[in-house]
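Student: Below is a structure I'd like to ask you about.
The values are calculated or read from the model by the stated rules, or taken from the named source; none is laboratory data. Quick caveat: nothing in here was measured; it's all calculated off a predicted structure. All Cβ positions, even for glycine, are placed from backbone atoms using ideal geometry, and neighbour counts span all protein chains on display.
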Amino acid sequence: MGKHIIYGIHVRDRVKEAGEVQQIFTDYGCNIKTRLGLHRVQGDVCAPGGLIVLEMFGDEAACREMKARLAAIDGIEVKEMVFEH
């Protein structure tokens with residue numbers, strides 16, 4: 001892949017959507033080079049939403065397929081940054 005692709009994934013309800021999101025991450029695990037999860041903590045309670053940043057690797061078509069599957073989940077928003085090399 002001659003491009004550097006980064007996905008930002010906003011998860012509105014981590015408890016509700018985590019299982020399906022995690023399954024997709026597992027299905028495309030060989031295409032995920034780096035994964036960073038961010039969420040707010042309010043006092044002693046974690047906020048329900050979160051943000052996941054993925055650095056993609058490998059076949060670009062597979063990366064786009066993963067993005068489409070994630071975006072199809074209600075409550076998930078996916079943004080993309082592409083850096084050409």
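Student: Could you grab the pairs with beta carbons closer than 6 Å, sequence gap of 6+ or different chains, first residue in region 1-15 and free of Cβ contacts under 8 Å to residues at least 60 places away in the same chain, second one assigned to a strand (DSSP E or B) and surrounded by 14 or more Cβ atoms within 10 Å (Cβ to Cβ)?
Tutor: Note: pairs meeting the criteria are ARG14/GLY50.
Student: A further question follows. For region 29-49, give me each residue that is touching a strand residue (DSSP E or B) at 6+ places or on another chain (Cβ under 9 Å) and of a type in the set (D, E, K, R).
Tutor: Passing the criteria: LYS33, ARG35, ARG40.
Condition check ((1) loosely packed, with under 14 Cβ neighbours inside 10 Å; (2) modelled with pLDDT under 95) across all residues:
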| residue | (1), (2) |
| --- | --- |
| TYR7 | no, no |
| PHE25 | no, no |
| ASP44 | yes, yes |
| MET66 | no, no |
| VAL78 | no, no |
| VAL82 | yes, no |
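Student: Working only within region 30-42, note down all residues that are over 10 Å from the mean Cα position of the chain (by Cα) and either surrounded by 10 or more Cβ atoms within 10 Å (Cβ to Cβ) or among the aliphatic types (A, V, I, L, M) (or both).
Tutor: Matches in region 30-42: CYS30, ASN31, LYS33, THR34, LEU38, HIS39, ARG40, VAL41.
Student: Give me the residue from region 31-54 that is in contact with an Asp or Glu (Cβ under 9 Å, 6 or more places away or on another chain) and hydrophobic (A, V, I, L, M, F, W, C) and, out of that set, nearest to PHE83 (Cα to Cα).
Tutor: The residue in question is ILE32.
Student: Return a yes/no flag: does region 15-23 have any residue that is surrounded by 14 or more Cβ atoms within 10 Å (Cβ to Cβ) and under 9 Å from the mean Cα position of the chain (by Cα).
Tutor: Yes: region 15-23 contains one or more residues that are surrounded by 14 or more Cβ atoms within 10 Å (Cβ to Cβ) and under 9 Å from the mean Cα position of the chain (by Cα).
Student: Right, something else. Quick check on my filter: what residues within region 46-63 are surrounded by fewer than 13 Cβ atoms within 10 Å (Cβ to Cβ) and at pLDDT 90 or above?
Tutor: Matches in region 46-63: ALA61 only.
Student: Give the residues of region 34-64 that are part of a helix (DSSP H, G or I) and in contact (Cβ under 8 Å) with a residue 24 or more places away in the chain, sorted by residue number.
Tutor: Answer for region 34-64, where residues must be part of a helix (DSSP H, G or I) and in contact (Cβ under 8 Å) with a residue 24 or more places away in the chain: GLU60, ALA62, CYS63.
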